[in-house]
Amino acid sequence: MLEEHSRALLTAGAASVTVPGVMLHARLRIPRRWRKGLLEVTSEDPASGEVLGSSSRTLARAGSSRGSLSLIEEITTHLALEVVYGPSAQMKRGGG
């Protein structure tokens, strides 16, 4: 499921993920050879609409050693961390 959302992010630049108790809104600036990428995620309580937190993650520059599959895996991993631990826990783990 999260991999599909990661692919949608690559295609559209934005995607929303709904899991029990939280809705994630993600935006992606795709990395290029000349600049790093950026993944921004906002967590929201779907019942109240209250923003629970947000985070941003820098993604490595695109290069010959990195294909789109690696980028999808990296985005999927970051989304999974957001779902499981939330944005504040990810920041404590060295993210952002």
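Read-outs: derived from the displayed coordinates by stated rules, not from any lab. This structure is a prediction, so every number in the text was calculated from the model and none was measured. Cβ placement follows ideal geometry from the backbone for every residue including glycine, while neighbour counts extend to all protein chains displayed.
On full extension of the chain, what length is gained from S16 through A47, given 0.36 nm per residue of separation minus the C-alpha to C-alpha distance?
Result for the pair: 9.6 nm of gain on full extension.
Say R0 is 35 Å: what FRET efficiency, to the nearest 0.05, do E73 and W34 get from their beta-carbon distance?
Taking R0 as 35 Å, the efficiency between E73 and W34 is 0.95.
A60 versus E3, label points 7 Å from Cα toward the beta carbon: distance in nm?
2.0 nm
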